[in-house]
Amino acid sequence: MNWDLYVNFFIALLAIINPLAIIPIWSELTSDTSNKVRVRIAGLIIGFSIISLTIFLVAGEYILGFFGIDLIVFKVAGGVLLMTTGIKMIEGTNVKLPEKEDMEGTSLQIAKVRFRKIIVPMGIPILVGPGSITTVFLFGFGLESIIDIVALTAILIICLLALFFAFTSFYWIERKVDPIVFTTITRLFGIIVTAIAFQFILEGLGEIFPNWVNSSSPISDSNNNAPGH
């Protein structure tokens, strides 16, 4: 068994998922619902993420090849979606959801309605985005051993199930901490998310237009031509 591969995949995936950055977003998107509803929403979000990332892990190479899609496109498109999310987090508008249609019906019905509303950004691109897709794609690329495929799939499921338990037990912390703390953390992480999104976009554009990125800027040229340089 390739233990180095498994350990590296676990560390990389955990870094990309980054529960510390996701939980404040989860809190704001679901804090107005009951714990029973939150458990169902978490199940839908994590289930969607497990299925999506497992497909990319096992068959990502064939999917991209079938549709003729370059992985670079995911960086740019996902970066744009992520940047929109980051800006909304900073402005505090990412959780302004209509309550009437969201709070009527059984807990499962309410969870399904909220899931449809927060699948972007919670599902895509935060959990299933350019970072996680690229990670599972690169680790799954060229794997021929069934043992390796099963092991990486199991690691993926374990990481996301751990996030599920973090989502469903987080209300214990919310009871003890003032809501303004989570609001402040969300605003701060909004800046970080926006910066990460911008980096994804620049990386994608840099691979598409390498000459444009590597060319010197007018500001740099003017500074170099200034007296004393």
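Selection of the stretch 134-184 for residues being of a type outside the set (Val, Ile, Thr), at pLDDT 90 or above and under 15 Å from residue 9 (Cα atoms) yields 148, 151, 152, 154, 156, 159, 160. For the stretch 144-192, taking the residues that are of a type in the set (Asp, Glu) and outside any helix (DSSP H, G or I), the one that is nearest to residue 38 (Cα to Cα) is identified as 178. Look at residue 133 and say whether it is among the aliphatic types (A, V, I, L, M), part of a helix (DSSP H, G or I) and more than 15 Å from the chain's Cα centre (by Cα). Taking the combined requirement at face value, the residue does not satisfy it. Counting only residues that are more than 14 Å from the chain's Cα centre (by Cα), among the hydroxyl-bearing types (Ser, Thr, Tyr) and crowded, with 21+ Cβ neighbours inside 10 Å, the stretch 19-55 holds 2 of them. In the stretch 1-18, the residues that are exposed (fewer than 12 other Cβ atoms within 10 Å of the Cβ) reach residues that are at pLDDT 90 or above and not acidic (Asp, Glu) with C-beta atoms within less than 8 angstrom, at least six apart or across chains, in these pairs: 1/147; 1/151.
So which residues in the stretch 120-179 are surrounded by fewer than 17 Cβ atoms within 10 Å (Cβ to Cβ) and either at positive phi or of a type in the set (Asp, Glu) (or both)? Correct list: 142, 144, 174, 178.
Taking interchain pairs and intrachain pairs at least six residues apart, which have beta carbon atoms under 7 angstrom, with the first residue in the stretch 38-65 and more than 23 Å from residue 26 (Cβ to Cβ) and at pLDDT 95 or above and the second among the polar types (S, T, N, Q) and surrounded by fewer than 19 Cβ atoms within 10 Å (Cβ to Cβ)? Sorted first by the residue in the stretch 38-65, then by its partner, the list stays empty.
The values are calculated or read from the model by the stated rules, or taken from the named source; none is laboratory data. What you see is a predicted model, and the numbers here were worked out from it, not measured in a lab. Every residue, glycine as well, gets a Cβ built from its backbone with ideal geometry; the counts of neighbours run over all protein chains shown.
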